[in-house]
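The values are calculated or read from the model by the stated rules, or taken from the named source; none is laboratory data. Since this is a predicted model, take the numbers as computed values, not measurements. Every residue, glycine as well, gets a Cβ built from its backbone with ideal geometry; the counts of neighbours run over all protein chains shown. Note: areas computed on protein heavy atoms with side chains; ligands, DNA, RNA excluded. Shrake-Rupley method; radii C 1.70, N 1.55, O 1.52, S 1.80 Å.
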Amino acid sequence: GQYALIAIGYTMVYGILRLINFAHGDIFMVAGLIMVYATTVMPIYMAIPLMIIVTVLLGFLVERAAYKPLRMSIMISAIGVSYLLQNLALYVTGGLSQQYPAIPWINDTVTVMGATTKRVTLITPVLTMILVVLLVLLIKKTKIGMAMRAASKDFETSQLMGIKINSVISM
């Protein structure tokens, strides 16, 4: 499920910018590290929204600080951001593996038709499908989705039609 969502993210970025965002996976890594450290000082129900907010802000900051000023050499910028995030994570963690916090309800063992598995094994595909459907609805039924589709076809024509390309890219 996670691989599918990451692949969709790569596909969306490539579809609009024609760029492979090398920092995409590193932003997911930072989200995981934020979750690990946040759960040491606060309950998980507070750590999850905090992690989502900080990750969105990080993505927005990366786009505004590294990608927007260097639109012509964005590939080099993406590689640089990737290395920056990797090295910051290495510096913060000391290169040691981190234990991801156990979420009690999700890690419970359940029995389905005689087979025993973890609840997370059942929830992940359902959650992935829900998120994919929400993403499809976003792209097909909203103004920003229409702008994303237009920008992916032709930047210049989209701008002439009044679409703010920088806003689409940030989204």
Seminar exercise, completed: Longest principal axis of the chain (C-alpha) makes with the long axis of helix 2-17 (C-alpha) an angle, in degrees to the nearest 10, of 10
For this session: Can you tell me the alpha carbon radius of gyration of the stretch 113-171 divided by the globular rule-of-thumb value 2.2 N^0.38 Å?
Result: 1.74
Problem set entry | Within the accessible area of the stretch 1-111 (1.4 Å probe), percent carbon and sulfur | 73
Problem set entry | Residue-level accessible surface for residue 97, protein heavy atoms, 1.4 Å, Å² | 110
Exercise. What label, among (i) 58, 41, 24; (ii) 49, 47, 24; (iii) 59, 34, 27, belongs to Cα extents along the principal axes in Å computed from the structure on display?
Worked result: (i)
For this session: Calculate the length of the line joining the C-alpha centroid of the stretch 90-145 to that of the stretch 9-63, in whole Å.
Result: 14
Problem set entry | the stretch 120-171: trypsin sites (Lys or Arg not before Pro) in DSSP loop, at most 13 other beta carbons within 10 Å | 164
Seminar exercise, completed: Cross-link reach from residue 140 to lysines, straight Cα distance under 30 Å and at least 8 residues apart if same chain, gives 68, 153, 164
Exercise. For the chain, modelled as a Gaussian network with Cα springs under 10 Å, which listed residue fluctuates most, 14, 45, 67?
Worked result: 45
Problem set entry | Estimated vicinal HN-Hα couplings, Hz - the stretch 86-95 in sequence order (Karplus 6.51, -1.76, 1.60; Gly, Pro = x) | 4, 6, 5, 5, 4, 5, 5, 8, x, x
Problem set entry | Folded to 0 to 90 degrees: helix 24-38 orientation relative to the chain principal axis, Cα | 40
Problem set entry | Radius 13 Å from Cβ of residue 57, net charge of other residues (Lys, Arg +1; Asp, Glu -1) | 0
